[in-house]
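Comments concern the structure below.
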Amino acid sequence: KAGVTQTPRYLIKTRGQQVTLSCSPISGHRSVSWYQQTPGQGLQFLFEYFSETQRNKGNFPGRFSGRQFSNSRSEMNVSTLELGDSALYLCASSLEGGTWDTQYFGPGTRLTVL
Amino acid sequence: GNSVTQMEGPVTLSEEAFLTINCTYTATGYPSLFWYVQYPGEGLQLLLKATKADDKGSNKGFEATYRKETTSFHLEKGSVQVSDSAVYFCALSAYSGAGSYQLTFGKGTKLSVIP
């Protein structure tokens, strides 16, 4: 079974631009979560989608948004980029998203904002 | 809220040494506990997990036991190898409202194993 895939793997943008990241979950998985990883803040939860609905959202500004499609693929969008948005963005998928469910992570998208 | 505290790194060990990385947590309800490992330039990989008190997770020689009385989930390995060099994250999964669950991570512990 193919793992979680994320595209693109690397992105360089300038301040003020917007960016869209894509995530394809493991086949059959319906829950997709997004995390931001930075050296200073570590791994922080952005949001989680299940059956095309956002079920939960972390403590990030409204510039960060996402969506999920009927095939469970998910996209994350960041508008009006700031230097502080430079990070590794990780997507994770799980079957149903319960506490016992293992989340499987993709390789991440490395975003650099200049 | 939920939180995970793990020992600060970096940790440097010689090959075949014993490894312990401490992890304690605070959570409401009955969380599941995980250890993830991140190799350089890669995403997170599940190392092991435990879903209820007294469960022991194990994989690739690593072990951790879910201790509810001490709210701990310490990672151990009897004999580390150079290939174990990576960053290790302790995490808990707990209910966060509206039918959703989320992973809360510790800050990570960087392990370097020298020959």
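The values are calculated or read from the model by the stated rules, or taken from the named source; none is laboratory data. Worth saying up front: this structure is predicted, and the values here are computed from it rather than measured. Positions of Cβ are backbone-derived with ideal geometry, glycine not excepted, and every protein chain shown enters the neighbour counts. Only protein heavy atoms, including side chains, enter the accessible area calculation; ligands, DNA and RNA are left aside. Shrake-Rupley method; radii C 1.70, N 1.55, O 1.52, S 1.80 Å.
Just the ratio, please: alpha-carbon radius of gyration of the protein assembly as shown over 2.2 N^0.38 Å, N its number of residues. It would help to have the intermediate numbers written out before the result.
On the way: Rg = 17.5 Å, N = 229, 2.2 N^0.38 = 17.3 Å.
Dividing the Cα radius of gyration by 2.2 N^0.38 Å gives 1.01.
Run through every distinct alpha carbon pair of the range A:1-70 and return the Kirkwood hydrodynamic radius in angstroms, one decimal place. Let's see the in-between values first.
Details: mean 1/r = 0.0734 Å⁻¹.
One over the average 1/r among Cα pairs gives 13.6 Å for the range A:1-70.
Could you compute how much accessible area chains A and B hide from each other, both sides summed, with a 1.4 Å probe? Nearest 100 Å² is fine. Spell out each step's value before the answer.
Numbers: alone 6120 and 6280 Å², together 10590 Å².
Interface area, both chains combined: 1800 Å², rounded to the nearest 100.
Once you charge only the Cβ atoms, +1 for Lys and Arg and -1 for Asp and Glu, what is the size of the charge dipole of chain B about its Cα centre, to the nearest 20 debye?
Values: 9 positive and 10 negative charges, 60 e Å.
Here chain B has a charge dipole of around 280 debye.
Using the crude model of +1 on Lys and Arg Cβ and -1 on Asp and Glu Cβ, and no other charge, please compute the dipole size for chain A relative to its Cα centre, in debye to 20.
Details: 11 positive and 7 negative charges, 46 e Å.
Taking the Cα centre of chain A as origin, the dipole is about 220 debye.
Taking amide H atoms as placed 1.01 Å from N in the peptide plane, list the residues 5 or more away in sequence, or in a different chain, whose amide H sits under 5 Å from that of B:Ser85.
Residues meeting the amide H criterion: B:Val113.
Using the heavy atoms of the protein chains and a 1.4 angstrom probe, tell me the accessible area per residue for chain A in square angstrom. Write down the numbers at each step before the final one.
Values: 5200 Å² over 114 residues.
It amounts to 46 Å² per residue over chain A.
From the backbone phi of the range B:103-115, what are the Karplus-calculated ³J(HN,Hα) couplings (6.51 cos²θ - 1.76 cosθ + 1.60, θ = phi - 60°) in whole Hz, Gly and Pro given as x?
For the range B:103-115, the Karplus curve yields 7, 10, 9, x, 6, x, 10, 7, 10, 10, 10, 9, x Hz.
Taking every eigenvalue of the Cα gyration tensor of the range B:42-115, multiplying by 5 and rooting it, what semi-axes result, largest first, whole Å?
Numbers: eigenvalues 122, 50, 20 Å².
That gives 25, 16, 10 Å for the three semi-axes.
Using the beta-carbon distance between B:Ser58 and A:Leu114 and R0 = 41 Å, what value does 1/(1 + (r/R0)^6) give for FRET efficiency, to the nearest 0.05? List each step's numbers first, then the result.
Values: r = 45 Å, r/R0 = 1.09.
With a Förster radius of 41 Å, E is 0.35.
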